[in-house]
1. Taking GLY327, is it open to solvent by less than 60 Å² (accessible area, probe 1.4 Å), under 29 Å from ALA369 (Cα atoms) and in contact with a helix residue (DSSP H, G or I) (Cβ under 7 Å, 6 or more places away or on another chain)?
2. Restricted to the range 189-229, and to residues that are in contact with a His (Cβ under 8 Å, 6 or more places away or on another chain) and assigned to a helix (DSSP H, G or I), which residue is most open to solvent (accessible area, probe 1.4 Å)?
3. Filter the strands (runs of 3 or more DSSP E) completely within the range 1-106 down to those with at least 1 residues that are open to solvent by 10 Å² or more (accessible area, probe 1.4 Å) and more than 22 Å from ARG425 (Cβ to Cβ).
4. Would you mind stating whether LEU305 is touching a Leu at 6+ places or on another chain (Cβ under 7 Å) and either of a type in the set (A, V, I, L, M, F, W, C) or open to solvent by 70 Å² or more (accessible area, probe 1.4 Å) (or both)?
5. Among the candidates GLY110, GLY89, GLY74, which residue alone is in contact with a Gly (Cβ under 8 Å, 6 or more places away or on another chain) and either touching a residue at least 12 places away in the same chain (Cβ under 8 Å) or hydroxyl-bearing (Ser, Thr, Tyr) (or both)?
6. State which residue is surrounded by the fewest Cβ atoms within 10 Å (Cβ to Cβ) when the search covers only the range 122-156 and only residues that are away from the ligand (no atom under 13 Å from the Cβ) and among the small types (Gly, Ala, Ser).
7. Looking at this structure, is LEU233 under 26 Å from SER351 (Cα atoms) and touching a residue at least 40 places away in the same chain (Cβ under 8 Å)?
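The values are calculated or read from the model by the stated rules, or taken from the named source; none is laboratory data. What you see is a predicted model; the values in this text were computed from it and never measured. Here the Cβ is made from the backbone with ideal geometry for all residues, glycine too, and neighbour counts use every protein chain on show. Note: areas computed on protein heavy atoms with side chains; ligands, DNA, RNA excluded. Shrake-Rupley method; radii C 1.70, N 1.55, O 1.52, S 1.80 Å.
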Amino acid sequence: MRHFAIIGSGPAGFYTAEALAKAFGEQARIDIIDKLPVPYGLIRFGVAPDHQSIKAVAKRYDKVADDPQVRFVGNVAVGEAVSIDELRGLYDAVILATGAPHDRALGIPGEELPGVVGSSAFVGWYNGHPDFADLDPPLDGANAVVIGNGNVALDVARILSKTRAEFAGSDIVGHALDALEGSGVRTITFLGRRGPHQIAMTPKELGELGHLVAAAPAVDPGDFPSIEEDEALDPGLRKSVSHLRAYAAAPPAGDKPKAVAFDFFAKPLAIEGEGRAERVLVERTRLDGGRAVGTGETYAVPADLVVSCIGYSSPHIAGVPYDDDGGKYRNDRGRIDDGLYCVGWARRGPSGTIGTNRPDGYEVAEQVAGAMAPGSDGSKVGGEALDALLGARGVKSTSFADWRRIEEAETAAARPDSPREKFVRHHHWLEILGH
Ligand code: NAP
């Protein structure tokens, strides 16, 4: 028998579990450990609530969870309830699938002012992550600034722009829906330090901005290079740029009360305000070999709320070597050390779609299998010993069966136009389970 511990129950964790179950067959016992009592990580807490078709991938993970060789061990914080070294002593291989839940810092003055939030906090707030249930972002002012030109920036701007009715069918949490309905935000400005040809926004997601009921995108036609230069772009980016060109050419949407404005060649220098964010000081940039360089020209963009969407990093874990520049664990194709691996964003850094994690999980499972003699048994005891250790420490873990009870309670509590009402407090989850 071979025992595996996967830390993190998001897409990377589930694809790796699926791959290990296939590679080792009946020989595998796989524990997917998560610090939260509920599974699915990024699917539940990261993917936008109005992108239900993307969230549907969790059905595939449900199938993995139905495999009797696979257990969910929720409500267990690695590094607190149990250490990595202890897990390495109990399992033949430990695979870090922690994702990258921490916001990268902007590294500019004023970043700590009230009204400045990172995307993991803001996204966690509207998606029901317990750590951010009390975020209460300021939505009273007219101006929001979203820093970054990636898909997370798009998610944030779209969520800030939608009417209550446009959230029908989504699983946005009630507290965010109510706050957004009462929001005073009228202008949402993307600050991109480079230009339209350097955006990291994908076409489908960028196209959604053109179909908002109460908000219209605004792009300055003067920001584009010549149209001939679009030909050299790869097809996805070319399509995204064609959306931007269409937005720039559209007549002003006088009937829509909100604007989503693209401010390109705009590098944030500082966030300023009396006791809270009021504006972002920006330097105009120009491109030099694809890089943004400052021109010395500065101006201020009004900002009552600033959401920085500039990327993420994985958590530091005692005893695990870390790549500070990449915000991920130091690894060679997923291998960190004997019996210790990483997968997904913890391996590659925060880029790629959910689907990218599938081949990634399979590749790491292959690495794990390659390090073990085929058909051989390990000497580790695995989950049984973990349960004993957690029991002795008074830690009550949650199982897939527990999750299904929580899911039923969330479905029963749903608003008429939503698949579920997500519970966002630890104690609420544990009450349902009678823990
Ligand atoms: P991303 O795609 O890497 O975009 C980060 C953005 O932040 C870039 O525009 C980058 O500009 C900018 N940036 C970085 N540092 C900056 C700084 N110091 N000042 C100003 N701007 C800065 O990251 P993401 O948006 O967090 O997305 C992460 C991954 O998840 C991506 O692969 C994304 O496609 C994926 N995702 C997908 C979906 C979806 O498919 N619906 C939704 C959300 C996320 P530069 O290019 O100039 O560095």
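1. No.
2. In this case the residue turns out to be GLU229.
3. Working: elements: 2-7, 28-33, 70-73, 93-96.
In the range 1-106, the matching strands (runs of 3 or more DSSP E) lie at 2-7, 28-33, 70-73.
4. Yes.
5. Matching residue, one of GLY110, GLY89, GLY74: GLY110.
6. ALA142
7. no
A quick yes/no check of all residues on (1) within 14 Å of LEU87 (Cβ to Cβ); (2) out of contact with any Cys (no Cβ under 8 Å at 6 or more places or on another chain); (3) open to solvent by 60 Å² or more (accessible area, probe 1.4 Å); (4) in a helix (DSSP H, G or I):
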| position | (1), (2), (3), (4) |
| --- | --- |
| LYS380 | yes, yes, yes, no |
| LEU386 | yes, yes, no, yes |
| LEU390 | yes, yes, no, yes |
| ARG404 | no, yes, yes, yes |
| ALA409 | no, yes, no, yes |
| GLU421 | no, yes, no, no |
